[in-house]
Structures are given as structure tokens and as C-alpha cells.
1. Looking at (1) touching a helix residue (DSSP H, G or I) at 6+ places or on another chain (Cβ under 9 Å); (2) within 8 Å of chain B (Cβ to nearest Cβ), which is the only condition residue A:52 fails?
2. Does any residue of the range B:68-84 turn out to be part of a helix (DSSP H, G or I), under 21 Å from the mean Cα position of the chain (by Cα) and within 9 Å of the ligand (Cβ to nearest atom)?
3. Kindly provide the set of residues from the range B:1-57 that are assigned to a loop (DSSP other than H, G, I, E, B) and either touching a Pro at 6+ places or on another chain (Cβ under 9 Å) or facing chain A (nearest Cβ under 7 Å) (or both), ordered by number.
4. State whether one or more residues within the range A:104-113 are at the interface with another protein chain (Cβ under 7 Å from one of its Cβ atoms), closer than 30 Å to residue B:135 by Cα and under 47 Å from the mean Cα position of the chain (by Cα).
5. Where residues in the range B:93-109 are more than 20 Å from residue B:217 (Cβ to Cβ) and either surrounded by 21 or more Cβ atoms within 10 Å (Cβ to Cβ) or within 6 Å of the ligand (Cβ to nearest atom) (or both), which of them is nearest to the other protein chains (Cβ to nearest Cβ)?
6. Going through the range A:67-93 one residue at a time, which ones are surrounded by fewer than 16 Cβ atoms within 10 Å (Cβ to Cβ) and either in contact with a His (Cβ under 6 Å, 6 or more places away or on another chain) or in contact (Cβ under 8 Å) with a residue 12 or more places away in the chain (or both)?
7. Within the range B:116-153, which residues are polar (S, T, N, Q), more than 8 Å from the ligand (Cβ to nearest atom) and either under 27 Å from residue B:214 (Cβ atoms) or in a helix (DSSP H, G or I) (or both)?
8. Test residue B:117 against the criterion of being under 27 Å from residue B:28 (Cα atoms) and among the polar types (S, T, N, Q), and give yes or no.
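The values are calculated or read from the model by the stated rules, or taken from the named source; none is laboratory data. Since we're looking at a predicted model, the values are computed, not measured. Because the Cβ atoms are built from the backbone with ideal geometry, glycine has one as well, and the counts that use them run over all protein chains shown.
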Amino acid sequence: MDDEQKQRYLEKYKQAKQQGVKFFPDIIYKDLLVSFALFIILVMLATFVGVANEPKADPSDSSYIPRPEWYFLFLFEMLKFFPGQIEWVGTIVVPTVAILALFLLPFLDRKPARYPGKRWRAIGVMGVVVLAMIALTIRAVITTPPQVEAETVATTLSESILIGQDLYSINCVECHGPDGEGGIIEGVEGLEGYDMKSISAQDEMYTRTDDTLFNVINYGQPDLGMQPFGIAYGGELSIGEIETIVDFMRYTWDDRAELPQEVTQASAMPTLGEDQVPSYDVHIEPLVKRYCISCHRPGKKNNNYLMQSYEEVMNTGDHAPNVIPGDLASNLIRMLHREEIDAGGPMPPTKALKPEIIAIFERWVLGGAPQTPEEAAAAGTVVTGTLTAPQTTAIPTP
Amino acid sequence: MANKAFAWLDERLGLTTIYNVVLDRKVPKVNWWFTLGSASAILFLLQGVTGMFLAVYYVPSPQSAYDSIQFIMNGVAFGWLIRGIHHWGASLMVIVVFLHMLRTFYYGAYKYPREFTWLTGVVLLLCTLGMGFTGYLLPWNQRAYWATTVGTELPGTVPLIGPFITNVLRGGAELSAVTLTRFFAVHIWFLPAVIGALIGVHIYMVVKLGISSVPDRED
Ligand code: HEM
């Protein structure tokens, strides 16, 4: 603004004042009314909503999901857009620029125009910023998982071990193998060819306490390529679930701990008669869960072959169908026999399944890949009739 | 008698002058959005008063902080009300101060001759947020502890000086008793002093320059 514009403004302002009102009582009255209303709102909030009771600070409970005061949420949410190396852009550069812009506003915007309609650019920028702050806050609220209490997932030790076994199969097998044995990793993005040490060996089990195992799973080993699994660190497992995995590892791998009888029974392979056709529901699903699902679920590298249900096993995959009832040249069987085909390399990539297990898959495919035990029973007679020798002997072992 | 006492005081304090200059002045006709500034000031006073009462019982140490808050909530008459008002007042003050900033922005009130009012306002906004950040830790509960842990971690990502800043904020590598007393001192002494002084300057500017008028098409 030059001097003339300043003069004009002051002149006009003087007129506005003359046509205006008295500060006392007109303005004061409005001010007090609003302040009083706010005070009443506060008393109501204090009385009827109150202050939520929180447990005392526990520096050792790192599973607690940090929740900043709501008006800082947008800042934390914004940081998610600046991951890893460039995080400092979010923590320092953006806030500094914003604060500087706020300070310098009167010097950046020196035009005399005050009417909002003539300042659409400034108003637009501020509008976008405020909307972004609101959007980020909302996003933060909906994406923050609810606080997990250390809930108990299982009531008995056996139950815990069994749940832990399933969780281990889903989350860990792709890297550590079904028995924690490790080996050269194949088919896992980012860790291709990594020589994974065994995590179930005696010296591992003897030197790792339950707490250590818990923490490894909770925080992961980000430097080595194992992502955190705890909800508090961006994973999907609750505290209770991680505890079941620890139980599973301890009781199945540590030779000092005795696996409860119930567990041995419950996790034993369902019995299968000499020439009986296995069904998906009873025999195949547990195998798939234990050996395949860790990689063959959404979000993993697997040629889009998902194995979470019968339908998926039969129909999905870039080279679908991977299971052709009655045909031992199905992709799945050939890959189990560690053949290198169009659909990919040997399955599971790291280590061959035991011949007995492959045999079960083969009998299932030969028997028409039935889903339910009833269908399998119906198919059973057909297969036995067409084969001269019991299938187990007809199967070439790898 | 009352008249005499008033005259005696007026002669010494200049009450009539204050009345004429501050209260009995003409101001442009404005709308309800112009009440947000005084509402911010009232909320600050309210936070000050309730905060003083809380400080009577609050003990800033990791062993006792949590229990002292429990005592305020359950053992002190109307302690829950005082804490409730202080708790919700903090959020409300942030909202009101922010809206007040938006209103002065929207009407271009930061322009000549009120640039300096705006500058003090920005500092007030930052200090208000600082009050929220430092106050959040004081109850020493899980929420407080972990929010402050991540909050003080953030500056640590700044290249070179980051770890140093985190260290200064925490008074050590980890959140500890030192962090708590540090936040307490900033929350009840440093920031209120700055805010109080700046509100003084801010309102002095408003009285001196007069509240801006609602801009019309010609402005
Ligand atoms: C503790 C915080 C604050 C208090 C107590 C406060 C108080 C006040 C009061 C009482 C007024 C008189 C006019 C009105 O009520 O609208 C005012 C005006 C003003 N405030 Fe604030 N304020 C605060 C924060 C801010 C902030 C964050 C800004 C902007 C960054 C700001 C910028 C201004 C400006 C530019 C005016 C002049 C408005 C005009 O003349 O139209 N203030 N403030």
C-alpha cells in the first residue's frame, strides 16, 4: 500500500467508526454473551462427558498405540506421506514453511484489497490448507486401530498353541518355513536368496526368552527384512495373538517344554484310509494352511493364486486352473514335484514337502478334487475301481 | 459516600480517562465473528484460574503425578469439575483461537495498519498449541506418556541437530522425571507468562487501532 492508499483507508475507517456503535455496551455485551455460552458448554462437557480415565503410564508397555491430542493428529497423519529417509521434510520443512508463511502473511500480501471476494487467491490457499487439515484429521481418526487391551485370545494353553500355530502358518511360513527351519528364501519379495537361519534350532530356543520372542514379533527385525507384526507398529497382530505364537514356538520347538497331549491330537493329520480319497475340507485345507497360505493370500507375490478357500484354490491364479480334477499334470502337482513350468518354480519354493504329503495332494486331484467328505466318499469308489495299484505306490517320489 | 470514594480513586487511578478511552469509544458495526478474540482471552483466563486450582494438588513427579490427578478427580470437592473444565477448555481454546485467526484472515484484518497485531497473534497461536502439547503429558497416564514419546521423537528426524532437540525436549534420552518437571515448568510458568504478556500487547493494539470494519465491496 502506498501513502495515498493508506490515507484513503484511514479516512474510510474513520467514517465507519462514526456510523458505528459504542464499544460499551454494544460490543462488550456480545463478547460476554459468547464467552458465557462457551463457559456453559465447558461446564456441561465437564459434567456430562467428563475426562476419560486412563491407566497409569507404563514405559514398558510399548504395545500401547500412541494417540496425540486431536488437534495434532493432522500433523502425524501428514508424516505418513513422508516415509523413511525423507521423514524430516514432514517433521520440519512443511511446518516451518507453514509457520513462516503465517508470520509473513502481512508482508507477502500487501495489496489494499480487503473484501474477501477480491482476494480469492489468498482465501483459496487458506481454504485448501484448512480442508487438508480437516481431511487429515478425519483420516487419522478412522485409520487408527482401536486400543487393544491385553485381551486373552485363548483360555487354555492348548488352545493358545493351536491358535498360535495357525497364526504362525499364515504370517511366518513364507520366510521361516513351516517348522522354523529357514533355508534359502525364494518367492518372497525383498528377501530373495537370503539364507535364513533356523529359528527353531535348540540354541535359538535356549537363548531366546518368551519376552525376546514376543518383542521380535512385535517390533520385527526391520533392519534384516522382518516387518513389525504388532498393531502398535503397523502390523496386524494383537498382543494376545502374538502371545499365542510365542506359545506355539516354545511348546513345539523347545525340547525342554512338553507339548500338551491335546495339541498333539488336535494338530495330527486327519486319518486317511489306504485307498480313500481325501477331501478339501478335511485333509487339504490344513495342509494348504500350513504350507502355502502364508504366500498365497492377498498382498503377496504369488501370480494371484490365492488359497484361502476351496473356490480360490480351484479357480484363481494367472495360470488357472492350477488344479484340474483327475489330472496329475495339474500345475499344482507338477510344482509340488519341483518342476520348473510356465506357472513358476517349485512349490513351496524353499523346501520340498514330504512325499507322504505330496501323495495326499495327488490322491485328492486324482479323485476329482472333491470339497466335502461326502463328495470324497462318493468319488472314493470310482478311483479305486480305475486304479489297479493303491495310489500311494503309483506316485513317483521326488 | 460512594461518590466521594470514587472521586478519590478516580483522582489517583484515572478511571474516567480509562472509561472514555477504552469503553466509551466508537467502533464500527461488526458481526458475531468479532467476538472470538475476546472469547480466546476469556478462555485463557479460565484456563489460568482452573489451572491454579489444579496446581494446588498436582505433584509433577512420575511416582505421584497420576495419583495426584486421581485424588483431584475423586478426593477433592469439585475437583472433577475443575479438571473437566481445564481439560475441555484446552481443546476449546485451540478451536476458538484458530477460528479467530481464520476470521481476521478472511476479512483481511492483518493488513495495514494491523500487521503487528497479526504477528503477535501468530505467536499466541503457537503458544496455545505449546500449552496443549506440554499439558498433555502432565497426567502421566498411558495416553500422555506415549503421545509425548512420539511427539518428542519427531524433531529427532531433523538432519544433524534432530537428536539434540529431542534431548533438550526430554531432558535426556528417554522420557523421565526430568521431562515431566520440564513440561510442567513450561506449562505453568513460561508459556502462560508469554501468552499473558502478548495478549496485553495484542489487545493494546486492538484498542489503539480500533477494530477493523467488516469489508464491503469497495474495500
Ligand atoms: C490467545 C490467543 C488470542 C487472543 C486472546 C486474542 C485476542 C484478540 C481480541 C480480544 C481481539 C479484538 C477483536 C476480536 O475479538 O476479533 C483481537 C483482534 C485481532 N487478533 Fe487476536 N487473539 C488471539 C490470537 C490471535 C491469532 C492466533 C491471530 C492471527 C494469527 C490474531 C490476530 C488478530 C488480529 C489481526 C486482530 C485485529 C482484528 C481486527 O481489528 O479486525 N489473534 N485478538
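1. (2)
2. Checked against the condition, which is being part of a helix (DSSP H, G or I), under 21 Å from the mean Cα position of the chain (by Cα) and within 9 Å of the ligand (Cβ to nearest atom), the range B:68-84 yields no hits at all.
3. B:24, B:25, B:28, B:29
4. Yes, that holds for at least one residue.
5. Looking at the filtered set, the residue picked out is B:94.
6. Answer for the range A:67-93, where residues must be surrounded by fewer than 16 Cβ atoms within 10 Å (Cβ to Cβ) and either in contact with a His (Cβ under 6 Å, 6 or more places away or on another chain) or in contact (Cβ under 8 Å) with a residue 12 or more places away in the chain (or both): just A:70.
7. B:134, B:142, B:148, B:149, B:152
8. On the way: under 27 Å from residue B:28 (Cα atoms): yes; among the polar types (S, T, N, Q): yes.
For residue B:117, the condition - under 27 Å from residue B:28 (Cα atoms) and among the polar types (S, T, N, Q) - is met.
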